[in-house]
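The values are calculated or read from the model by the stated rules, or taken from the named source; none is laboratory data. A quick note: this is a predicted structure, and the numbers were derived from the prediction, not measured. No Cβ is skipped: glycine too gets one built from the backbone with ideal geometry, and neighbour counts run over all protein chains shown.
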Amino acid sequence: MDERVMPKIASSFKDRVQQRLQELDLNVAEAERLCGFKKTHLSDITLGRKLTLKADALATLARVLKTTVVWLLHGIGPMSTDPRDLQNAEVAEALDRIAASHATRAVVDGVSSVGDLEDMTILLTALDLSSGECRFLSGCVKAASEAGCIIDPALRVAGNEYAKGFAERRFISVSAKKLVRNDGGPIYAIVDVKK
């Protein structure tokens, strides 16, 4: 597929851009600068004068607005990719979706408590891209393998940092919440990867 495909922007796209600008306390000029866009490029979009956007520019805009391309275009999925915005209810909702797979249900059923968001450096030792299930080493390589579930929507994007880190056998920095199951066993809900 040509990277320069110019998807038509949904009629409410400009409203979602304006909403994210407001929530991040950014003005259009600041966002244009952060994106590396020419002056008025983003303002033309928010005013409805420009109705197309190149795929790479759309990805850059989503990154600057701390959201996903899917949310910008269609309003589907989480509005924010900032893990500090994820509340326990959103984590639970994401776990419910992940738990739809039989294998993952066995891992996440019976969660009795959810810990605070913490930054971790991990080495993925097993990864199921379809369910998000994983095993990883944290900190010291000689540590015991931990169970995890990646609930970050970025896992579904081709060439994501999780898949790259796993394939290259390198440590990646993530944000995660420690969940405690009724049987006392821990599992980590991984909500974001740091670049």
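Checking residue 170 against (1) over 29 Å from residue 62 (Cα atoms); (2) surrounded by fewer than 17 Cβ atoms within 10 Å (Cβ to Cβ), which test does it fail?
(1)
Taking segment 41-75, which residues are among the polar types (S, T, N, Q) and either in a loop (DSSP other than H, G, I, E, B) or surrounded by fewer than 16 Cβ atoms within 10 Å (Cβ to Cβ) (or both)? Can you show your working first?
Looking only at segment 41-75, we keep the residues that are among the polar types (S, T, N, Q), and these are 43, 46, 52, 60, 67-68.
Selection gives 52, 67, 68.
Filter segment 145-181 down to the residues that are within 17 Å of the chain's Cα centre (by Cα), in a loop (DSSP other than H, G, I, E, B) and in contact (Cβ under 8 Å) with a residue 24 or more places away in the chain and list them by number.
Hits for segment 145-181 are 151, 152, 160.
Return yes or no: is residue 64 touching a strand residue (DSSP E or B) at 6+ places or on another chain (Cβ under 8 Å) and either in the same structural domain as residue 148 (by TED's automatic domain parsing) or at pLDDT 85 or above (or both)?
no
Within segment 101-118, is there a residue that is in a loop (DSSP other than H, G, I, E, B) and modelled with pLDDT of 80 or more? Before you say what the answer is, go through the steps one by one.
First pass over segment 101-118, keeping only residues in a loop (DSSP other than H, G, I, E, B): 101, 109-110.
Then drop every residue that is not modelled with pLDDT of 80 or more, which leaves none.
No, segment 101-118 contains no residue that is in a loop (DSSP other than H, G, I, E, B) and modelled with pLDDT of 80 or more.
Can you work out which of the residues in segment 17-26 that are more than 16 Å from residue 60 (Cα to Cα) and of a type in the set (S, T, N, Q) is surrounded by the fewest Cβ atoms within 10 Å (Cβ to Cβ)? Even if it seems obvious, please write down each step before you answer.
First, the residues of segment 17-26 that are more than 16 Å from residue 60 (Cα to Cα): 19, 22-23, 25.
Next, from what is left, pick out any that are of a type in the set (S, T, N, Q): 19, 22.
Values: 19: 15, 22: 10.
Top of the filtered list is 22.
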